[in-house]
Ligand code: PLP
């Protein structure tokens, strides 16, 4: 039956209608071809990751985060040695309670960004407490420290400025710097001579900003901040640090690397996270001079164009900061536990990178070995993770162990014993 017979009053000319029908029938072929092609490209890429032994699987936890957890597929109580839960606050009863209270009083979320209708008094209170904790003028919250790093440099630095960045800085710093139009100079990892060369090279720039992780997360090594501040002052530069792996537990009051090294008043801008030691939920922030924070509120894209932090997250983080402001007891408990693990492992013949930081990388070299050993550790009831390229350089695979204030001495001893057993099995130690 013809179309005319079916729809005699159709105003669309028949030829047009036929054309439309033929398009409808053939159109799916083209996108289908593109999808098939994309699938093949993606599968090839995925296979190359599997072949290289650098595949990152995700184990499923079925309990709260903590020193002892339940893992899907394992009936035993598992010791967790790979969380950034440095102070054990992720499941601290007061931190949980504060989250519940904030949820009840302020709701699940703001359905808005901060400058529209997404600012509650509890956001302002947390910003004030974080500024107080870091002894800086003001603070701005972000959804993550990744966002804080992505949103800072573009606002502060223009084409007439220069940024001098440690070559091993966190990926989010690298991405944030890519977004800004300043002259970029990368100095060798923690190399003050190279930094000085780069400072000389950038003397004609308007602003110069030295950018470093306070603690480098893959090696647990601490930036030479005294030397960096000396050079910055000599050459008229500003200093920025990322304190994700220091806030809450480094320094006598847990204020961070700048407190540990006595340079709190010489570091100008600090970015850090609420997603590690400070309750472990999510969120990041910048603390620093008030005009900088004011400008970030006006211009910083991840702040302007992303939702406000959810009230329960803010409530929990605020309680975590209050606990640390009230007492340095939790922060202080880390050092002895870290040394117990490091000494036990070194005596057994393992190589542990870094110095006294609770990040204790067990150096293994080979990516597959790191992954197999981590699997065997889980069979012995200890959850650790192998890190390999591209997270760490090729040939420098490791198991990154992280100590928490929530671990007991016996947790640590059990883990060292499991490493000894696994290390012998794989010929890493004799
Ligand atoms: N900076 C460093 C040094 C980190 O280790 C991380 C997290 O892994 C981040 C920034 C990002 O923090 P967040 O999880 O809050 O986005």
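Being within 23 Å of the chain's Cα centre (by Cα) and in a helix (DSSP H, G or I) is the filter here; which residues of the stretch 338-359 pass it?
338, the sole residue that qualifies.
Does at least one position in the stretch 101-117 carry a residue that is within 15 Å of the ligand (Cβ to nearest atom), in contact (Cβ under 8 Å) with a residue 12 or more places away in the chain and in contact with a strand residue (DSSP E or B) (Cβ under 9 Å, 6 or more places away or on another chain)?
Taking the stretch 101-117 as the starting set, the residues that turn out to be within 15 Å of the ligand (Cβ to nearest atom) are none.
Within the stretch 101-117, none of the residues are within 15 Å of the ligand (Cβ to nearest atom), in contact (Cβ under 8 Å) with a residue 12 or more places away in the chain and in contact with a strand residue (DSSP E or B) (Cβ under 9 Å, 6 or more places away or on another chain).
Output the residues belonging to the stretch 208-228 that are in a strand (DSSP E or B), more than 11 Å from the ligand (Cβ to nearest atom) and closer than 13 Å to residue 238 by Cα. Even if it seems obvious, please write down each step before you answer.
Filtering the stretch 208-228 down to residues in a strand (DSSP E or B) leaves 208-213, 215-216, 221-222.
In the following step, the residues that additionally are more than 11 Å from the ligand (Cβ to nearest atom) were identified as 208-211, 221-222.
Residues satisfying the conditions are 208, 209, 210, 211.
Can you confirm whether residue 320 is surrounded by fewer than 21 Cβ atoms within 10 Å (Cβ to Cβ) and assigned to a helix (DSSP H, G or I)?
no
Taking residue 298 as the residue in question, decide whether it is free of Cβ contacts under 8 Å to residues at least 12 places away in the same chain and assigned by the TED database to the domain that holds residue 113. Break it down into steps so the answer makes sense when it comes.
Values: free of Cβ contacts under 8 Å to residues at least 12 places away in the same chain: yes; assigned by the TED database to the domain that holds residue 113: yes.
For residue 298, the condition - free of Cβ contacts under 8 Å to residues at least 12 places away in the same chain and assigned by the TED database to the domain that holds residue 113 - is met.
Sort out which residues of the stretch 170-192 are closer than 16 Å to residue 232 by Cβ and within 16 Å of the ligand (Cβ to nearest atom), and write them in order of number. Spell out the reasoning first.
At the first step, the residues of the stretch 170-192 found to be closer than 16 Å to residue 232 by Cβ are 182, 185, 187, 190-192.
Passing the criteria: only 190.
Given the residues 412, 399, 420, which is the only one that is in contact (Cβ under 8 Å) with a residue 40 or more places away in the chain and under 21 Å from residue 334 (Cα atoms)?
None of the others qualify; the one that does is 412.
Can you pull out the residues in the stretch 117-131 that are out of contact with any helix residue (DSSP H, G or I) (no Cβ under 7 Å at 6 or more places or on another chain) and in a helix (DSSP H, G or I)? Let's see the steps before the verdict.
Restricting attention to the stretch 117-131, the residues satisfying the condition of being out of contact with any helix residue (DSSP H, G or I) (no Cβ under 7 Å at 6 or more places or on another chain) are 117-119, 121, 124, 127-128, 131.
Result: 117, 121, 124, 127, 128, 131.
Mind checking which residues of the stretch 370-384 are surrounded by 22 or more Cβ atoms within 10 Å (Cβ to Cβ) and in contact with a helix residue (DSSP H, G or I) (Cβ under 7 Å, 6 or more places away or on another chain)?
373, 377, 382, 384
Quickly run through the stretch 147-158 and pick out the residues that are assigned to a helix (DSSP H, G or I) and either out of contact with any helix residue (DSSP H, G or I) (no Cβ under 8 Å at 6 or more places or on another chain) or within 16 Å of the ligand (Cβ to nearest atom) (or both).
Just the residues of the stretch 147-158 that are assigned to a helix (DSSP H, G or I), to begin with: 147-156.
If the condition is that a residue be assigned to a helix (DSSP H, G or I) and either out of contact with any helix residue (DSSP H, G or I) (no Cβ under 8 Å at 6 or more places or on another chain) or within 16 Å of the ligand (Cβ to nearest atom) (or both), then 147, 148, 149, 150, 151, 152, 153 are the ones that fit.
Collect the residues in the stretch 261-286 that are within 16 Å of the ligand (Cβ to nearest atom) and surrounded by fewer than 24 Cβ atoms within 10 Å (Cβ to Cβ), keeping them in residue-number order. Before the answer, list the steps.
First, pick out the residues of the stretch 261-286 that are within 16 Å of the ligand (Cβ to nearest atom): 267, 269-286.
Passing the criteria: 269, 275, 281, 282.
Which residues, taken from the stretch 135-146, are crowded, with 23+ Cβ neighbours inside 10 Å and within 12 Å of the ligand (Cβ to nearest atom)?
Answer for the stretch 135-146, where residues must be crowded, with 23+ Cβ neighbours inside 10 Å and within 12 Å of the ligand (Cβ to nearest atom): 141, 142, 145.
The values are calculated or read from the model by the stated rules, or taken from the named source; none is laboratory data. These figures come from a predicted structure and were not determined experimentally. Cβ coordinates were reconstructed from backbone atoms using ideal geometry, including for glycine residues, and neighbour counts include every protein chain displayed.
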